[in-house]
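Below you'll find the structure I mean.
Rule-based calculations on the coordinates, nothing more; no lab input. Because the structure is a prediction, the values reported are computed rather than measured. Neighbour counts are summed over all protein chains in view; Cβ atoms, including those assigned to glycine, are modelled from backbone coordinates with ideal geometry.
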Amino acid sequence: MTLTTSQRHESLQPDCQHSTSRSQPDEEAQWLQAFIRDVDERTSKSSTTKLLPSVHRLKQLIESRMQLRMWAAAMFEEVPNKAPYNAVNQASPPRSLVRGYEHMIELLNVIVVQVAPTWTLSTTGSIKLMGVPVQAILDWAMGTPSGHAFFLDAQVNACFKEILGVWRDELLATSKSQSVITTAPGNWLSPGAVAAIEKDANLDRSERYTFEELFLCDPRGDPVHWGFKSFDDFFVRRFRDFDKLRPVGYPDRPEWVVNSCESKPSAIRSQVKEVDSFWLKATNYSVSEMLNHHEWAEHFVGGTVHQSVLLTTSYHRWTAPVSGSVVHAEVIAGAYFSERSTNGIGTEPVSAPLYNLVYLSHVATRAVVFIQADEPVGLMCFIGIGLADVSSCEILPKFMTDWPKRIQKGEELGMFHYGGSSQCLLFRRGLKLAFTENALPGNQFRTLPVRSPLALAYE
């Protein structure tokens, strides 16, 4: 096994499959055009449209504050400084498909009760991108200067939290969302989706398993939904035989750290600072802000951060990277739909997801779990980061109280729900790490298995 020390390796590798702001959202535009046509046709046949209470409160908030109303209007009129909207060879400036904030409100009102994420946003079903319908509506606005300010506003985020909570509770976690968990084209059990999931889950080249062999499901007893009760039930599906398919690397050797999530390495950074400019194009981590100014942040100043990102098709449950004791755990509320500022017209365009992953590790909703690991690792921290739409982080209840709570390497710690996600592992100052070759950004095309060896720790 080849090892590389963290002290010599600092990088960030892009992977367009994981973008929180895709660089070529043609499929997204096709879906959005079709969705808008459908909503327009329905609206034309109805004299009045009653807004859901949560959506109505967002509209009221925007119109109660002059600055918010200005930002909300301007963010659909400004041109985002990101591809493909800022293409230099366009004959005329592009225009947002969403016609303004009032139109945004109208579209949100439909999505919250009727639209669950599909396997693809493409109208042809040929592009393997997870459907994130709310982000499809807001992608343009997110990339503008006014949108950047709008989506960082605390009251706006409180409204979106309520809206997304209704979407989750009234649709995504209920049997209503079973409509996208079928074998029909574009749905999550369609041949294309199942093939992609099987490809991404079969990480041992010497073995090949079917979806049914990989995951707990029942396609024979329930040929329509395969036993999945909702979109969320499908999203957090379990391996059929976890220990066989994802054995724990070096379970009895405390110097070995394993991967907490089924994920692709995207960044390693050593000598991280307490406070840094994480919103700039460099791969800067600001430890204090990542950890919401927790008193233990000082232990990681000068330490190492390893970040990775999960595929849509991946296993979305997390496990402990080390054996030890959970000494603190919390979920930090974050900003919804915020992405790194483009710094205005004429500056370098945003190229997804080069900088957004680092940026979101500071501002998005995130689960923070401090573990006092057995020596030599000592105090370390796992951060689970929700990236898109209603993505949320759940720490298992038993680790949320009565600390310290013993945990074994490879034991389930929590899970992501509903949407895109990333993870960061923070290691204390003074700890040296030799990362496995597969844990280095850009060194592999396949996902690094959950519970597989990540790094050898030493002092």
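Per the helix-only calculation at 222 nm, which mean residue ellipticity applies to the chain, given -39500 (n - 2.57) for every DSSP H run of n ≥ 4 and division by its residues, nearest 500 deg cm²/dmol?
-7500 deg cm²/dmol
Turning to a different aspect of this structure: Show me the ranking of peptides 28-41, 429-442 by mean Cβ neighbours inside 10 Å, starting with the highest.
429-442, 28-41
What distance in nm separates the simple spin-label points at residue 333 and residue 46, each placed 7 Å from Cα in the Cβ direction?
About 3.0 nm separates the two model spin labels.
Taking Cα pairs under 8 Å and at least six residues apart, what relative contact order does the chain come out at, in percent?
21 percent
Where does the chain land on the Kirkwood hydrodynamic radius, alpha-carbon pairs, in angstrom?
22.7 Å
What is the distance in Å between the Cα centroid of region 234-273 and that of region 367-438?
10 Å
Give the long-range amide H neighbours of residue 379: residues separated by 5 or more places, or on another chain, with amide H under 5 Å away, using H modelled in the peptide plane at 1.01 Å from N.
373
Toward the positive end of the charge dipole of the chain, about the Cα centre and with charges on Cβ (Lys, Arg +1; Asp, Glu -1), which of 166, 108, 312 goes farthest?
108
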